[in-house]
Amino acid sequence: MDLRPADRDELAGMLRAATAEGRVLDIRGSGLHARRGHPFTADDVLHATGLTRVVDYVPEDMTITVEGGVTVGEVLRLAGERGQGWPQAPSQPAATVGGVLAAAAGGRRRLRFGPIRDSLLEVVVATGDGRIVKGGGRTVKSVTGYDLPRLLTGSLGTLGVIVQATLRLWPLPMAERWFTTRGDADEMLDLAQGVLADLHRPTAVVAGPTSLHVCLTGVPDDVVAPAGMVDAFEPGGPGAGTVGSPAGTVEASVPPAALPALARQLVADGFDYEAWMGTGICRARVSAPEDVQAVRGMATAHHGHAQVIDGDDAMRTDPFGPLPAGADIMQRIRASFDPAGILCPGRFAAADPVPA
Amino acid sequence: MTTTAGALADQLRHLLGPDRLLEGDLARNLYSHDGSIVGGDCGIVALPETTDEVAACMRMAHEAGVDVVPRGSGTGLTGGAVPLEGGLVISLARMRAMGEVDVANSCMWVQPGVLNLDVSTAIAHLGLHYAPDPSSQQACSIGGNVGTNAGGPHCLAYGVTVQHVLGVEMVRPDGQVVVLGGVAPDPPGYDLRGVVVGAEGTVGVVTRVLLRLTPLPPDVRTMLLDFLSVSDASAVVQAVIAAGVIPAALEMMDRNMAMAVEEFVHAGLPTDAAALLLVEVDGTPAEVETATAVVEHVAREHGVRTVRVAQDEEERALLWKARKTAFGAVARVKPSYYLHDCVVPRTRLVEIMEAIGEITEREGVMCLNVFHAGDGNLHPIIALDRSDPDETARAMSAGDQIVRACVAMGGTLSGEHGIGVEKRDYMPLVFDHDDLEAQACVRRAFDPDGRMNPDKVLPTGTRCGEVGLADTQVPEGTWI
């Protein structure tokens, strides 16, 4: 059954009922990040897309408070009208704010502006048993209590449904442009390392097997094409040059300095990829379940890890790889936020209650 | 001392030797205080030097069922490091080793007792620095910074401690050592690293910290602006940011503070101005040029009297010294001070400054203001003589009213100092019962027995309910 609450009270009521009846829910925003984590079976799908209210926007404070179902595109549109932006946002206008936060799916400007979790000031969630819990604060700086915003960011819907978020916005830069060039992977990686070494705080340096895309932000004098690059005319990453017909995407994370070596291994084994140079993050397209282990093996060899961020069920038999320390802590946190275990159970299996 | 505590002391003495287990009255008195006006009751003090020693101390405390209070330099201003009912204080002050700088990945591991400023000093020759710079950075430790998620003037553009800590090694309450986070970003699972930073020592003892290091900006310019009214200065703060410029730092000082500081530092601060703004812009030369022009233009539109641009590194250092020694300068006015750390939305700066003026005037106490205006992070300092009970009572009352006024304007209790014990009972002003209970559950997930820095952060009586935790057998009153 599809549940489509119109507001947070109705949503909380549905969660209370599901907890009481032991009905398992899948939590969805736009669905763009639904193929993350272990596959699991749900009795009902709760669509949080009906929570579309813009609660408060104070341009002078550069904070916007929106409900979880508001789209990234809507936030950017409203902010843009006042000369502001959400630079950590992913380039998916249809994605919901709640969804991108739950998936910790930030965008390519991470090199300069940091991960998306840094942009979340206050969060309101509906817990599995329908309590409404707020954490953080709407001011740009706050150390008042435990950092629930960071805990919820990337929790994949297993701790609660993000019903409201206060985001920190930034002024739109005086100038921003993407530059590009084409060549083989080695050339692109060398060029990328040159850009990182020569320029002060580039906004994004995205390398693919056959192209390089660089985003620069700032005053017009600084936003000029790096040597060997030309205007890209449209924002983005390599995009084109897809190898074969990939069925999924693995996000490998390694120490930033190891990224060129990882990318060279990927290209040698025929993987298409998008390396976010300087951040340590590399998205590799994969076509078969064994590819996941192959990419993870390369990342692990560089002291990193790899997660499947998109893929069919077969691709997600082991979406996370070995988990870091603290699984018992995660289990207890999850048990307190979702006592009946109705929120996407199995999706992040390591935090599910251990059977007695 | 109870038998259990006595046995624990014997074990710790055996582990650390008599020099690194402090039991005397002098030490116990010293460790019953921090930079705040909170006084506590210290049992014994352990001074471990390695992670293994901390882990051994924690295992012993766990077996003895004794409370543990971790402590850095003790410069905190909210009583976070003050033991309230005996127990074991673990001081990390002797853990001062810095690892090798990982230049390629711009990071380094340090032990928690390393002082904040020593990090930037040690890596300056590599063109790097550690961005969070609390005013106490010559004295405060990285471990304490992690505990309180410390800030500082440059957090306006660069972000607070949690944005500069890639990972932590932590000894859990049962003595187990875990590493959370790391050089490779975004490990799978919940962001426990993000919870540990700012948890004020209530979830474990951090024994190593992986710091993100930031390139020194190619160019920097520091300006001192002075105004004849606080509201003009506040308006400039608002207008600079509205014009699309996020300065590296944007600090305000009122007249009382400027007078106290000038007597102390002789930086040439205009003491007849109502408010001073210290503005620093950094970046590429073109960015700095543009931002400087915007700041000057906006300031002139709002009646700035003079714009003083630091001409060289020496003058810049002097202006920053004036800012960062402000708290020390208060000692020339009164022997003690009571400081708050509330935050208001930037748009409410003028209102809150007026409110603070009215409150302190009504209570007949002297208030000096120096704060991170760009963040809306206030630091009203009420100067007092604590030997005068009447003045102390009026200072407390004024502080209470200031906190409530900030919250009423949509603000919060702390921007960078933390909650500790001093702001603990104000938490219900900003969080309701369910919010606080959820926080208590997060805390208990790390510390099921409730022995880590008890009675801090959450108001007494806040419990993690019985939700979902079948294995809870916590005795009444153990958990707060």
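The values are calculated or read from the model by the stated rules, or taken from the named source; none is laboratory data. Quick caveat: nothing in here was measured; it's all calculated off a predicted structure. When we count neighbours, we look across all protein chains shown, and the Cβ atoms used for this are built from the backbone with ideal geometry, even at glycine. All accessible areas refer to the heavy atoms of the entire protein, side chains included, with ligands and DNA or RNA removed. Shrake-Rupley method; radii C 1.70, N 1.55, O 1.52, S 1.80 Å.
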#### Entry: Boolean, A:Leu78 is open to solvent by 30 Å² or more (accessible area, probe 1.4 Å), among the aliphatic types (A, V, I, L, M), under 30 Å from A:Ala197 (Cβ atoms) and in contact with a strand residue (DSSP E or B) (Cβ under 9 Å, 6 or more places away or on another chain)
no
### Query
Does at least one position in segment A:75-92 carry a residue that is more than 7 Å from every other protein chain (Cβ to nearest Cβ), acidic (Asp, Glu) and under 27 Å from A:Gly346 (Cβ atoms)?
no
### Message
Here are the criteria: (1) more than 19 Å from A:Ala103 (Cβ to Cβ); (2) surrounded by 20 or more Cβ atoms within 10 Å (Cβ to Cβ). Tell me which single one A:Asp269 does not satisfy.
### Response
(2)
### Query
Mind checking whether some residue in segment B:208-216 is modelled with pLDDT of 95 or more and hydroxyl-bearing (Ser, Thr, Tyr)?
yes
### Message
Which residue is nearest to the other protein chains (Cβ to nearest Cβ), if the candidates are limited to segment B:272-313 and must be β-branched (Val, Ile, Thr) and part of a loop (DSSP other than H, G, I, E, B)?
### Response
B:Thr284
### Query
Which members of segment B:145-194 meet the condition of being touching an Asp or Glu at 6+ places or on another chain (Cβ under 6 Å), within 8 Å of chain A (Cβ to nearest Cβ) and at pLDDT below 95?
B:Gly151
### Any pair with Cβ under 6 angstrom, 6 or more apart, that starts in segment B:347-360 at a residue that is over 17 Å from B:Gly399 (Cβ atoms) and ends at one that is open to solvent by 10 Å² or more (accessible area, probe 1.4 Å) and at pLDDT below 95
B:Thr347/A:Glu60; B:Thr347/A:Asp61; B:Val350/B:Ser231
#### Entry: Output for segment B:68-92, where each listed residue is farther than 16 Å from B:Val38 by Cα and surrounded by fewer than 21 Cβ atoms within 10 Å (Cβ to Cβ)
none
### Query
Of A:Ser142, A:Ser155, which residue is in a loop (DSSP other than H, G, I, E, B) and modelled with pLDDT of 95 or more?
A:Ser155
#### Entry: Options A:Ala252, A:Ala261: the member that is within 22 Å of A:Gly194 (Cα to Cα), at pLDDT 95 or above and within 14 Å of another protein chain (Cβ to nearest Cβ)
A:Ala261
### Task
Would you check which residues across segment A:325-356 are in contact with a strand residue (DSSP E or B) (Cβ under 7 Å, 6 or more places away or on another chain) and part of a loop (DSSP other than H, G, I, E, B) and list them?
A:Ala325, A:Gly326, A:Ile342, A:Cys344
### Query
Hey, among the residues in segment B:389-406 that are more than 10 Å from chain A (Cβ to nearest Cβ) and within 20 Å of the chain's Cα centre (by Cα), which one's surrounded by the fewest Cβ atoms within 10 Å (Cβ to Cβ)?
B:Asp400
### Task
Restrict the check to segment B:461-473 and report whether at least one residue is modelled with pLDDT of 95 or more, open to solvent by 20 Å² or more (accessible area, probe 1.4 Å) and more than 8 Å from chain A (Cβ to nearest Cβ).
no
#### Entry: Pairs, first away from chain B (no Cβ under 14 Å) in segment A:297-315, second of a type in the set (Gly, Ala, Ser) and open to solvent by less than 20 Å² (accessible area, probe 1.4 Å), C-beta under 9 Å, six or more apart
A:Gly297/A:Ala306; A:Asp310/A:Gly248; A:Gly311/A:Gly248; A:Asp312/A:Gly248; A:Met315/A:Gly248
### Task
With the condition kept exactly as written, say whether any residue in segment B:315-333 is more than 24 Å from the chain's Cα centre (by Cα), surrounded by fewer than 18 Cβ atoms within 10 Å (Cβ to Cβ) and either among the aliphatic types (A, V, I, L, M) or part of a loop (DSSP other than H, G, I, E, B) (or both).
no
#### Entry: Residue list for segment A:274-299, restricted to those being part of a strand (DSSP E or B), of a type outside the set (A, V, I, L, M, F, W, C) and surrounded by 24 or more Cβ atoms within 10 Å (Cβ to Cβ)
A:Glu274
### Query
Here are A:Pro246, A:Pro173, A:Pro260, A:Pro226: which of them is open to solvent by less than 30 Å² (accessible area, probe 1.4 Å) and in a loop (DSSP other than H, G, I, E, B)?
A:Pro226
### Query
Between a first residue in segment B:48-65 that is in contact (Cβ under 8 Å) with a residue 24 or more places away in the chain and acidic (Asp, Glu) and a second residue that is in a helix (DSSP H, G or I) and open to solvent by 10 Å² or more (accessible area, probe 1.4 Å), which pairs have beta carbons less than 7 Å apart while being 6 or more apart in sequence or on different chains?
B:Glu53/B:Leu15; B:Glu53/B:Leu16
#### Entry: Subset of segment B:195-218 (residues that are within 9 Å of chain A (Cβ to nearest Cβ) and surrounded by fewer than 23 Cβ atoms within 10 Å (Cβ to Cβ))
B:Pro215, B:Pro217, B:Pro218
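Suppose we filter B:Val54, B:Val82, B:Val45, B:Val69 for residues that are more than 20 Å from B:His164 (Cα to Cα) and part of a loop (DSSP other than H, G, I, E, B); which single one remains?
B:Val82 is the lone residue from the list that is more than 20 Å from B:His164 (Cα to Cα) and part of a loop (DSSP other than H, G, I, E, B).
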#### Entry: Number of the condition not met by B:Val101 [criteria: (1) within 16 Å of B:Leu22 (Cα to Cα); (2) touching a residue at least 40 places away in the same chain (Cβ under 8 Å)]
(1)
### Message
I need every pair where a residue in segment A:176-203 that is farther than 12 Å from A:Cys215 by Cα has its Cβ under 8 Å from the Cβ of a residue that is modelled with pLDDT of 95 or more and basic (Lys, Arg), sequence separation at least 6 or different chains.
### Response
A:Ala185/A:Arg264; A:Asp186/A:Arg264; A:Leu189/A:Arg264
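Is one or more of the residues making up segment B:25-34 in contact (Cβ under 8 Å) with a residue 60 or more places away in the chain, under 21 Å from B:Gly420 (Cα atoms) and over 23 Å from the mean Cα position of the chain (by Cα)?
no
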### Query
Which of (1) open to solvent by less than 10 Å² (accessible area, probe 1.4 Å); (2) away from chain A (no Cβ under 14 Å); (3) touching a residue at least 60 places away in the same chain (Cβ under 8 Å) is the odd one out, the single condition B:Leu384 does not satisfy?
(3)
